[in-house]
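S.K.: Attaching a single structure in structure tokens format; questions to follow.
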Amino acid sequence: MHPANPLHPNMTAPRFVTRAGTACRLFVIVVSALASTAPARAQNQPPSVAVTAAAPATAQLSGTALDGRKVDLTHLRGKVVLVIFTATDCAVCRDLMPELRNNVAGWLHQPFAIVAVSFDARRDDALAYARLTATLVPASMQFPTLWKGDAGFHNTLGTPDVLPGAWLIDKNGQLVERFQGRIPAEAWNRIADLL
């Protein structure tokens with residue numbers, strides 16, 4: 001049986017409609033209003049495309065998160081990890097955040113983690129978003145965000161052609177699938193299978 005998935009009815013857990021969920025929706029509205037006026041990166045794109053991964057033997061991603069935490073995929077071995085590539089000026093990326101946060105909270109006691117990589121042109125934009133997240137989003141729904149421009153940022157996974165992009169890493173640290181654009185419901189089922 002699949003672990004509880006808070007977003008899909010074919011799985012066992014109820015949907016998260018709580019104050020935390022309301023806070024996430026409010027968070028998205030506030031961030032949307034504060035976001036850069038640059039055009040959204042993925043507004044009119046087709047649905048997500050899953051791509052079979054061709055990657056190095058072991059995925060490597062490391063750096064210092066915007067909240068100061070050290071992040072290294074090698075330290076997350078034994079967990080299924082979803083690496084999400086995002087930016088604050090990407091409307092689809094912002095719309096995706098409540099779904100990601102609900103899954104983090106719903107799978108809190110499962111071997112699952114999300115690591116975000118910000119593609120913002122300016123670190124200050126990514127940092128402002130991270131600070132707003134720390135203030136408005138419950139700790140159980142937060143995940144670390146790396147900024148691709150930091151000097152210590154290291155990535156052998158490659159980058160998506162469009163944002164958002166999501167790379168799925170199995171418990172052995174192997175890149176198993178890539179999603180570009182909106183994350184389809186099947187991706188969450190795939191994650192549940194890997195757990």
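S.K.: If the convex hull of the alpha-carbon atoms of segment 85-140 is projected onto planes in all directions, what is the mean projected area in square nanometres?
M.R.: Convex hull of Cα atoms, orientation-averaged projection: 3.9 nm².
S.K.: Same structure, new question: Do you know the relative contact order of segment 45-195, to the nearest whole percent, from alpha carbon pairs under 8 angstrom that are 6+ apart?
M.R.: Over segment 45-195, the number comes to 39 percent.
S.K.: In cubic angstrom, how much convex hull volume per residue do the alpha carbon atoms of segment 69-194 span?
M.R.: 106 Å³
S.K.: While we're looking at this one, here's another question. Among the lysines, which fall within straight-line cross-link reach of residue 171, defined as a Cα-Cα distance under 19 Å, with same-chain neighbours fewer than 8 residues apart omitted?
M.R.: The qualifying lysines are 79.
Values in this text are rule-based calculations from the coordinates and carry no lab data. Computed from a predicted model, the values in this text were never measured in an experiment.
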